[in-house]
Amino acid sequence: MDATDGRGTARGALDATRRHQSPQLALVYGMNGCGAIESSGEGARLRLSDGRGALDFGSYAVTLLGQRHPAVLAAVRRELDAMPVSSRVLANGTTAELARALVAWAEPERLTKVWLGLNGCDAVEAALKLARLATGRTRVIAIEGAYHGKSLGALAATWNARYRRSLEPLLGGVSHIPADVSALPAAFGPGDVAAVLVEPVQGEGGVRPLEPGFLRALADAAHAHGAFVLADEIQTGLRRCGPRLVSADLGMRPDAVLLGKALGGGVQPVSAVLATPELYAPLTADPFTHTTTFSGHPLGAATGLATLTAIEELAPRGARLADLFSGGLARIAGRHPDLIAEVRGRGLLWGVEFTTAATAGEVLMELGRRGLVVSPCLGRPEVLRLLPPLIASDEEAEEALAILDAVCAAVPDEFRPPGPGPR
Ligand SMILES: Cc1ncc(COP(=O)(O)O)c(C=O)c1O
């Protein structure tokens with residue numbers, strides 16, 4: 001990219017990142033892009049500043065609809081021409097329509113209330129506050145390995161010590177339990193738990209689908225103790241894993257479902273809490289208890305509306321792609337047993353666990369060099385996350401699998417476990 005398009009050169013961008021954001025970030029970006037930066041995106045493909053292309057099977061689960069989905073762009077353009085921000089003293093038709101559409105899309109009989117935000121951690125904060133206010137209790141149970149964001153409240157429910165250690169004490173009352181039914185009896189004291197907060201498939205924690213039996217037992221135990229079930233579907237929801245909502249599909253009867261990432265259609269930051277009237281009661285009583293300036297802003301609301309429609313239209317495509325992709329990953333794991341310890345996931349959310357974090361790091365870099373962008377797992381560096389977008393063609397999925405296979409075949413000996421294993 002040259003400087004004339006007003007978006008800066010690759011060298012300038014990396015230099016500004018180093019000087020004004022973080023030297024470490026600049027180093028990682030520079031290595032990932034071999035000195036180039038991202039410059040545009042279309043569907044499942046990115047274009048880099050040096051002219052190379054790459055498949056985007058990462059972007060931390062945001063680009064479920066790929067880059068620049070035409071229906072989402074059209075909705076954003078219409079809203080830009082009408083009223084992109086709200087006065088917030090008048091009702092806004094687009095915002096209200098997104099709330100109505102989300103309720104109709106999810107569980108219209110039970111989850112009838114909606115709070116809108118921008119990021120995943122906004123949704124987590126809102127849900128935690130609602131649970132505390134609605135119950136008058138302060139304890140929250142989260143799961144070992146969980147990731148719920150890094151704002152101070154959400155961080156208390158995030159498991160990874162790396163992010164928590166230097167900030168403690170965090171929000172009090174949050175305890176982590178193993179994802180095991182035997183841990184449940186001791187977890188709930190008499191009438192003290194406000195909520196359980198759980199990802200049905202842990203994403204950042206290494207793409208770890210939790211046992212359906214455990215998830216149902218957790219939800220049942222919470223309800224038996226008068227606690228709310230908060231399903232963090234910021235990564236798993238919106239058909240990333242197949243069904244609209246994994247928690248509803250598994251019969252957990254969540255009192256809140258948290259959405260983010262893909263809800264913005266790969267174009268805008270949008271998140272939401274869908275809640276029962278009982279959990280939402282504090283905001284029904286006083287809507288100013290929890291507000292943010294841009295909550296439900298019309299540009300994001302228009303995006304969310306177009307996104308819901310596009311995702312539903314693509315649902316059959318997602319099922320076919322999931323079969324193709326999971327089958328391909330299983331075959332690759334079978335061909336490289338010395339490198340790949342396990343492949344896990346559901347739908348279009350897959351984790352490949354390598355035998356060491358160093359191997360995963362080497363594979364990540366080489367994938368980037370050969371044109372496949374994937375996301376590392378922040379809590380489990382030995383796992384790479386592969387997130388095919390719903391709009392990917394069979395050919396693009398096959399191309400991504402072929403790149404992964406070729407990269408695994410070419411991993412240098414120093415990143416392979418010692419021993420006689422096949423080459
Ligand atoms: C399950 C889950 N919850 C919450 C969050 C936090 O979302 P955000 O980074 O948008 O604040 C994430 C982000 O990765 C997530 O995966």
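The values are calculated or read from the model by the stated rules, or taken from the named source; none is laboratory data. Please read all numbers here as calculations on a predicted model, not as lab measurements. Cβ placement follows ideal geometry from the backbone for every residue including glycine, while neighbour counts extend to all protein chains displayed. Just so you know, the surface numbers come from the protein's heavy atoms only, side chains and all, with ligands and any DNA or RNA stripped out. Shrake-Rupley method; radii C 1.70, N 1.55, O 1.52, S 1.80 Å.
Against the condition over 30 Å from Leu279 (Cβ atoms), of a type outside the set (Ser, Thr, Tyr) and in contact with a His (Cβ under 8 Å, 6 or more places away or on another chain), how does Pro84 come out, does it pass? So Pro84 fits the description; yes. Checked against the criterion of being hydrophobic (A, V, I, L, M, F, W, C) and at positive phi, segment 55-66 contains one or more residues that satisfy it.
Checked against the criterion of being closer than 25 Å to Pro287 by Cα and either of a type in the set (Ser, Thr, Tyr) or at pLDDT below 95 (or both), segment 183-205 has no qualifying residue.
For Asn32, the requirement of being in the same structural domain as Leu384 (by TED's automatic domain parsing) and more than 16 Å from the ligand (Cβ to nearest atom) is met. Determine whether segment 68-75 contains at least one residue that is under 20 Å from the mean Cα position of the chain (by Cα) and open to solvent by 40 Å² or more (accessible area, probe 1.4 Å). Yes, segment 68-75 contains at least one residue that is under 20 Å from the mean Cα position of the chain (by Cα) and open to solvent by 40 Å² or more (accessible area, probe 1.4 Å).
Take the conditions (1) over 21 Å from the mean Cα position of the chain (by Cα); (2) hydrophobic (A, V, I, L, M, F, W, C); (3) over 30 Å from Ala392 (Cα atoms); Ile340 misses just one of them, which is (3). Against the definition (out of contact with any Ser or Thr (no Cβ under 7 Å at 6 or more places or on another chain) and in contact (Cβ under 8 Å) with a residue 60 or more places away in the chain), how does Ala224 come out, yes or no? No. From Leu390, Leu401, grab the single residue that is under 25 Å from Leu263 (Cβ atoms), in the same structural domain as Gly347 (by TED's automatic domain parsing), in contact (Cβ under 8 Å) with a residue 60 or more places away in the chain and away from the ligand (no atom under 16 Å from the Cβ). From the options Leu390, Leu401, the qualifying one is Leu390.
Just one of the numbered conditions (1) buried (at least 20 other Cβ atoms within 10 Å of the Cβ); (2) out of contact with any His (no Cβ under 8 Å at 6 or more places or on another chain) is not true of Lys150: (1). Taken as a whole, the condition of being open to solvent by 20 Å² or more (accessible area, probe 1.4 Å), modelled with pLDDT of 95 or more and not basic (Lys, Arg) applies to Leu80. In segment 67-85, the residue that is nearest to Glu38 (Cα to Cα) out of those that are without any contact (Cβ under 8 Å) to a residue 24 or more places away in the chain and among the charged types (D, E, K, R) is Arg77.
Here the condition is being touching a strand residue (DSSP E or B) at 6+ places or on another chain (Cβ under 7 Å), in the same structural domain as Pro376 (by TED's automatic domain parsing) and surrounded by 20 or more Cβ atoms within 10 Å (Cβ to Cβ); of Leu55, Leu102, Leu111, it holds for Leu55 alone. Here Gly368, Gly334, Gly304 are screened, and the one residue that is outside any strand (DSSP E or B), open to solvent by 50 Å² or more (accessible area, probe 1.4 Å) and among the small types (Gly, Ala, Ser) is Gly334.
The set of residues from segment 109-152 being under 18 Å from the mean Cα position of the chain (by Cα) and small (Gly, Ala, Ser) comprises Gly117, Gly120, Ala123, Ala126, Ala127, Ala142, Gly145, Ala146, Gly149, Ser151.
Just wondering, is there one or more residues in segment 232-239 that are within 13 Å of the ligand (Cβ to nearest atom), in contact with an Asp or Glu (Cβ under 9 Å, 6 or more places away or on another chain) and on the phi > 0 side of the Ramachandran plot? For segment 232-239, residues within 13 Å of the ligand (Cβ to nearest atom), in contact with an Asp or Glu (Cβ under 9 Å, 6 or more places away or on another chain) and on the phi > 0 side of the Ramachandran plot: absent.
Whenever a residue of segment 204-220 is in contact (Cβ under 8 Å) with a residue 12 or more places away in the chain, its partners that are among the polar types (S, T, N, Q), lying with C-beta atoms within less than 7 angstrom and at least six residues away or across chains, give the pairs Arg208/Gln202; Leu210/Gln202. The residues of segment 151-170 that are farther than 15 Å from Leu258 by Cβ and either of a type outside the set (A, V, I, L, M) or within 15 Å of the ligand (Cβ to nearest atom) (or both), listed by number, are Leu152, Leu155, Ala156, Trp159, Asn160, Arg162, Tyr163, Arg164, Arg165, Ser166, Glu168, Pro169. Candidates are the residues of segment 115-135 that are in a strand (DSSP E or B) and more than 17 Å from Val229 (Cβ to Cβ); the one that is farthest from the ligand (Cβ to nearest atom) is Leu116.
Residues that are surrounded by fewer than 24 Cβ atoms within 10 Å (Cβ to Cβ), within 13 Å of the ligand (Cβ to nearest atom) and in a loop (DSSP other than H, G, I, E, B) within segment 242-276 comprise Gln268, Pro269, listed in sequence order. Residues of segment 337-360 that are out of contact with any Phe, Trp or Tyr (no Cβ under 9 Å at 6 or more places or on another chain) and either in a helix (DSSP H, G or I) or of a type in the set (Phe, Trp, Tyr) (or both): Ala357 alone.
When the residues of segment 137-150 are filtered to those that are touching a Gly at 6+ places or on another chain (Cβ under 7 Å) and within 18 Å of Arg216 (Cα to Cα), the one that is nearest to the ligand (Cβ to nearest atom) is Ala146.
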